[in-house]
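What follows is one structure encoded as structure tokens, with my remarks underneath.
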Amino acid sequence: MKDMETKPLVHLEPIWYPDKKTILDSNIQQWCNELHLADYSELHRWSIEHRVDFWKAAIERLNIRFEHLGETSLANDADPAHAIWFPEAQMNIVASCFQGSDEQVAVVAQAPGGPLRTMTIGELRKLTNRVANSVRTAGFKTGDQLAVVLPMTQRSIPLYLGIITAGCSVVSIADSFAAPEIATRLRIAQAKGVFTYDAIRRGGKSLPLYERVCEATHLPTIVLDVSDEDSLCGIGQMDSTKRGKRLRDQDQWWNNFLGDDDQFSPVIRGANDCLNVLFSSGTTGEPKAIVWNHLTPLRCSIDGLVHQDLHPGDVAVWPTNLGWMMGPWLIFAALINRSTIGLYEDSPLGSGFGSFVEQAKVTMLGVVPTIVKSWRSSRAMEEFDWTSIRCFSSTGETSQPEDMIYLSELGGKKPIIEYCGGTEIGGGYVTSTMVQPNVPSAFTTPAIGLDFLLLNDQYEAADEGEVYLVPPSIGLSNCLLNRDHYETYYARLPQGPNGEILRRHGDYFRRVEGHYIAGGRTDDTMNLGGIKISSAELERVLNQIDGICETAAVAISERHGPDRLVVFAVLEKPLDPDALRSEMNQRLKRDLNPLFKVDQVQLVESLPRTASNKVMRRELRATLLQSPSSS
């Protein structure tokens, strides 16, 4: 594709309409036909008015396997804030991940410059079982939390599934985090062990992960050696002298850890037992530790079935990480729907990724809008044939219509499923579909099986306001390891306009011509580069800079694009704002995450505070929005 031009978005004009075949072939229409429903709006209404019937039907449709389902579908249904789904059920969700024949391709992967490599369902099952046996042989017990500081690679998939198969829980930590942040997450989750690489290469740079883990913890660590293709294929060739590198006494190389026994029966857990601990920032300095249970993958999978329209044999790609919810989401949504997981084991920004999408014949490509903006700037993807793609999907931050129009053109005018949710949801709450006209950067509907309200400051229904979810739904969290869950999501909220129990979420949306337009966060949590982070976490790092008395970090979300980070700083001595901004970015890169960058520094004499001495960040944000320079 050469010399593409994008037209400016006019009003809310669709850029794609589903044809009759697309509608008839869609999972939505097939489900509607079976239920004798006319369209998606009726299917969604049924899913929220008959929630128990819907989730039972979803379990059957996804072929979810239970050891014992029990008689009770929903406990405490009169109190949605404390509702428990299938409280008597016994299962291990991994048993539902190997559907289809053993010869079907489960994972297709590629390292930079290397060939496509495939792993069949049979091979994935055997390697998963080898990991599970090795986890138990190493002395880890049912219920232990085992951390993974890993990117998404062909070998991290069976490692992730093997931990769960063994009856343990995964603690997901992004490999981009600095040692102090890794340590914080290990402490909160009370992890018993760690899996990581000695190093990985991304975008031509080497990241020494094992050294960072050693700095963060004394926990026993299993180290995957990327120079040994028997242990982990295709992350890029590393210096072979690394083979002589010594590990700590409590650590061991992956090859010494991994046994040969590929027979293992998944350890049966309660359906509401912990499966995965993931982290999402709240409004204090410590990240929220959100517990996914063995039912949470149903949310991932039913969203993938209904909204991303995944079919058996599809190839689903989403550049992501096991430390972000979209990593586990991709594993479960693809495998349970009998689709193939596609993994490019390097940065998605260069031409190598574009070639992989073409060669692997990807049918569903997920993105973060920042990636698309980079593609549009570099035009690196325009030479490739992406016409195998049936749909794109976008999440992680608000998108820009011009970028999404460009993305659609890359695939030969294909729809973009906008998808917004959260780690504490296990998927999305507002999204698009393949059976409705597609408007760039706009959402068309609440997600299947879930509903929400837009309420103004007086908790009245409005076309513009804060998002409040209407529970119960499978996927909604019911446990935080380091917070009071009820206090975080339900406390001090009135009932909705029709008596609904409300669950706070914190996003701001507008409803325009039947579509939903994202407006960013309403609390002090921001989204930087697709990662949620609290103001307090940023300020904790920035306040250590010499000459700074205190800071307040706020994010500006214009109508479109990623959040822009602005830091208000009260100084102890004169400092140059540009030099200070550079120092802040260096600190964030070193101590928090290299994806976080300060866009602007504002020097002030003092910060506005409430009577209880809390910084009024909303007032600072409002000041920026009123400033001509912020537009």
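Applying the criterion of being within 29 Å of the chain's Cα centre (by Cα) and in a strand (DSSP E or B) to the residues of segment 528-550, the residue that is modelled with the highest pLDDT is Leu528.
Gly143 passes every criterion in (1) closer than 19 Å to Pro266 by Cα; (2) assigned to a strand (DSSP E or B) apart from (2). One residue stands out among those in segment 243-264 that are in a loop (DSSP other than H, G, I, E, B) and of a type in the set (S, T, N, Q): the one that is nearest to Gly122 (Cα to Cα), which is Gln263. Among the residues that make up segment 456-466, is at least one of them in contact with a Pro (Cβ under 9 Å, 6 or more places away or on another chain), open to solvent by 10 Å² or more (accessible area, probe 1.4 Å) and closer than 18 Å to Ala83 by Cβ? No, segment 456-466 contains no residue that is in contact with a Pro (Cβ under 9 Å, 6 or more places away or on another chain), open to solvent by 10 Å² or more (accessible area, probe 1.4 Å) and closer than 18 Å to Ala83 by Cβ.
Listed by first and then second residue, the pairs linking a residue in segment 493-505 that is over 22 Å from Gly427 (Cα atoms) to a residue that is open to solvent by 40 Å² or more (accessible area, probe 1.4 Å) and not aliphatic (A, V, I, L, M), with Cβ atoms under 7 Å apart and 6 or more places separating them unless they lie on different chains, are Leu493/Arg504; Pro494/Tyr459; Pro497/Glu460.
The condition (being at pLDDT below 95, buried (at least 18 other Cβ atoms within 10 Å of the Cβ) and under 21 Å from the mean Cα position of the chain (by Cα)) is satisfied by just one residue among Thr444, Thr431, Thr398: Thr398. The listed residues are Leu349, Leu343, Leu335, and the only one of them that is at negative phi and either part of a strand (DSSP E or B) or among the hydroxyl-bearing types (Ser, Thr, Tyr) (or both) turns out to be Leu343.
Of a type outside the set (A, V, I, L, M), in contact with a strand residue (DSSP E or B) (Cβ under 8 Å, 6 or more places away or on another chain) and either open to solvent by 30 Å² or more (accessible area, probe 1.4 Å) or under 26 Å from Arg65 (Cβ atoms) (or both): does that describe Ser156? For Ser156, the condition - of a type outside the set (A, V, I, L, M), in contact with a strand residue (DSSP E or B) (Cβ under 8 Å, 6 or more places away or on another chain) and either open to solvent by 30 Å² or more (accessible area, probe 1.4 Å) or under 26 Å from Arg65 (Cβ atoms) (or both) - is met. Cβ separations smaller than 8 Å between residues 6+ apart or across chains give the following pairs from segment 389-407 residues that are charged (D, E, K, R) to residues that are open to solvent by 20 Å² or more (accessible area, probe 1.4 Å) and in a helix (DSSP H, G or I): Glu397/Thr370; Glu402/Arg376; Asp403/Lys373; Asp403/Arg376.
Looking only at segment 95-118, filter to residues that are of a type in the set (A, V, I, L, M) and either over 26 Å from the mean Cα position of the chain (by Cα) or crowded, with 22+ Cβ neighbours inside 10 Å (or both); which one of those is nearest to Gly204 (Cα to Cα)? Filtering segment 95-118 for residues that are of a type in the set (A, V, I, L, M) and either over 26 Å from the mean Cα position of the chain (by Cα) or crowded, with 22+ Cβ neighbours inside 10 Å (or both), the one nearest to Gly204 (Cα to Cα) comes out as Ala111. Looking only at residues in segment 1-50 that are among the acidic types (Asp, Glu) and modelled with pLDDT under 95, the one that is nearest to His307 (Cα to Cα) is Glu13. Among the residues of segment 55-73 satisfying the criterion of being assigned to a loop (DSSP other than H, G, I, E, B) and of a type in the set (A, V, I, L, M, F, W, C), which is farthest from Thr165 (Cα to Cα)? The residue in question is Leu69.
If the requirement is being assigned to a loop (DSSP other than H, G, I, E, B) and not hydroxyl-bearing (Ser, Thr, Tyr), which of these qualifies: Gly506, Gly499?
Going through Gly506, Gly499 in turn, just one is assigned to a loop (DSSP other than H, G, I, E, B) and not hydroxyl-bearing (Ser, Thr, Tyr): Gly499.
Of all residues in segment 364-395, those satisfying the criterion of being under 26 Å from Lys597 (Cα atoms), at pLDDT 95 or above and part of a loop (DSSP other than H, G, I, E, B) are Arg379, Ala380, Met381. Do we find a residue being of a type in the set (S, T, N, Q), open to solvent by less than 10 Å² (accessible area, probe 1.4 Å) and touching an Asp or Glu at 6+ places or on another chain (Cβ under 7 Å) anywhere in segment 512-532? Scanning segment 512-532, I find no residue that is of a type in the set (S, T, N, Q), open to solvent by less than 10 Å² (accessible area, probe 1.4 Å) and touching an Asp or Glu at 6+ places or on another chain (Cβ under 7 Å), so the answer is no.
Pro180 passes every criterion in (1) assigned to a helix (DSSP H, G or I); (2) open to solvent by less than 10 Å² (accessible area, probe 1.4 Å); (3) more than 21 Å from Asn129 (Cβ to Cβ) apart from (2). Of all residues in segment 449-486 being modelled with pLDDT of 95 or more and of a type in the set (D, E, K, R), which is nearest to Ser41 (Cα to Cα)? Top of the filtered list is Asp451. The condition (being under 30 Å from Gly499 (Cβ atoms) and open to solvent by 30 Å² or more (accessible area, probe 1.4 Å)) is satisfied by just one residue among Ala38, Ala75, Ala57: Ala38.
Here are some residues: Ile448, Ile416. Which one is in contact with a strand residue (DSSP E or B) (Cβ under 8 Å, 6 or more places away or on another chain) and of a type in the set (A, V, I, L, M, F, W, C)?
Working: Ile448 fails: in contact with a strand residue (DSSP E or B) (Cβ under 8 Å, 6 or more places away or on another chain).
Of Ile448, Ile416, the one residue that is in contact with a strand residue (DSSP E or B) (Cβ under 8 Å, 6 or more places away or on another chain) and of a type in the set (A, V, I, L, M, F, W, C) is Ile416.
In segment 401-422, of all residues being under 21 Å from the mean Cα position of the chain (by Cα) and open to solvent by 10 Å² or more (accessible area, probe 1.4 Å), the one that is nearest to Ser473 (Cα to Cα) corresponds to Gly421.
The residues in segment 193-217 that are crowded, with 20+ Cβ neighbours inside 10 Å and among the acidic types (Asp, Glu) can be counted, and the count is 1. When segment 533-547 is filtered for residues that are out of contact with any strand residue (DSSP E or B) (no Cβ under 7 Å at 6 or more places or on another chain) and open to solvent by 40 Å² or more (accessible area, probe 1.4 Å), the ones remaining, listed by number, are Arg540, Gln544, Asp546. In the set Asp309, Asp346, Asp385, only one residue is more than 26 Å from Leu207 (Cβ to Cβ), open to solvent by 10 Å² or more (accessible area, probe 1.4 Å) and either acidic (Asp, Glu) or touching a residue at least 12 places away in the same chain (Cβ under 8 Å) (or both); that residue is Asp385.
The values are calculated or read from the model by the stated rules, or taken from the named source; none is laboratory data. Owing to the predicted nature of the structure, the values given are computational and were not obtained by experimental measurement. Every residue, glycine as well, gets a Cβ built from its backbone with ideal geometry; the counts of neighbours run over all protein chains shown. For the accessible areas, the whole protein counts, side chains as well, though only heavy atoms, and no ligand, DNA or RNA atoms are used. Shrake-Rupley method; radii C 1.70, N 1.55, O 1.52, S 1.80 Å.
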